[in-house]
Amino acid sequence: MKANTNIHSMDAVLDEMYGKVGTPERDEFRREAYMYCAGQMIHDARKQEKMTQDELAKRTGTTKSYISKIENGYVEPGVGLFFRIIDALGMRVEVVRPIADPA
């Protein structure tokens with residue numbers, strides 16, 4: 001069997017595209033990726049609840065346009081709005097400490 005030479009480390013690809021971990025470019029990429037993922041989770045939860053963007057906006061005190069921007073990863077809601085959105089969708093957030101490494 002011949003080895004596939006087209007397989008690359010994802011870290012190496014990200015290093016090449018956005019710089020090494022800790023650089024401003026890589027940090028910005030990570031922030032944008034988190035915004036996009038959070039937006040998709042909100043979008044999916046809203047759809048599951050059969051709620052429109054307009055309904056979610058009214059329940060959370062914002063606009064349909066702003067909900068759309070959040071769902072598409074263009075803006076990051078503040079903590080207060082994020083918790084209102086989570087509550088309106090019947091979701092919850094758990095904040096936990098990781099188990100300490102015994103070493």
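Just so it is clear, none of the values below were taken in a lab; they were calculated from the coordinates. The model shown is predicted, which means the values in this text are computed figures rather than measured ones. For neighbour counting, all protein chains shown are included, and Cβ atoms are generated from backbone atoms with ideal geometry for every residue, glycine included.
Note on K58: lysines with a C-alpha under 22 Å away, same-chain residues under 8 apart excluded, are K47, K50, K69. Kirkwood hydrodynamic radius for region 10-88: how many Å is it when counted over pairs of different Cα atoms? By the Kirkwood definition, the hydrodynamic radius is 13.6 Å. Rounded to the nearest 500 deg cm²/dmol, what is the calculated helix-only ellipticity per residue at 222 nm for the chain, with -39500 (n - 2.57) per DSSP H run of length n ≥ 4? Value at 222 nm, helices only, nearest 500: -18000 deg cm²/dmol.
The mean sequence distance of close C-alpha pairs (under 8 Å, at least 6 residues apart), as a share of the length of the chain, puts its relative contact order at 22 percent.
Net charge of the neighbourhood of R59, taken over other residues with C-beta under 14 Å away and scored Lys/Arg +1, Asp/Glu -1, is +1.
Between the residues G78, Q40, L56, the greatest Cα displacement towards the positive end of the dipole of the chain, with unit charges on the Cβ of Lys, Arg, Asp and Glu, is found for L56. All other residues whose Cβ lies under 12 angstrom from that of R46 are scored, Lys and Arg at +1 and Asp and Glu at -1, for a net of -1. The convex hull of the Cα atoms of region 40-83, projected and averaged over all directions, covers 2.7 nm².
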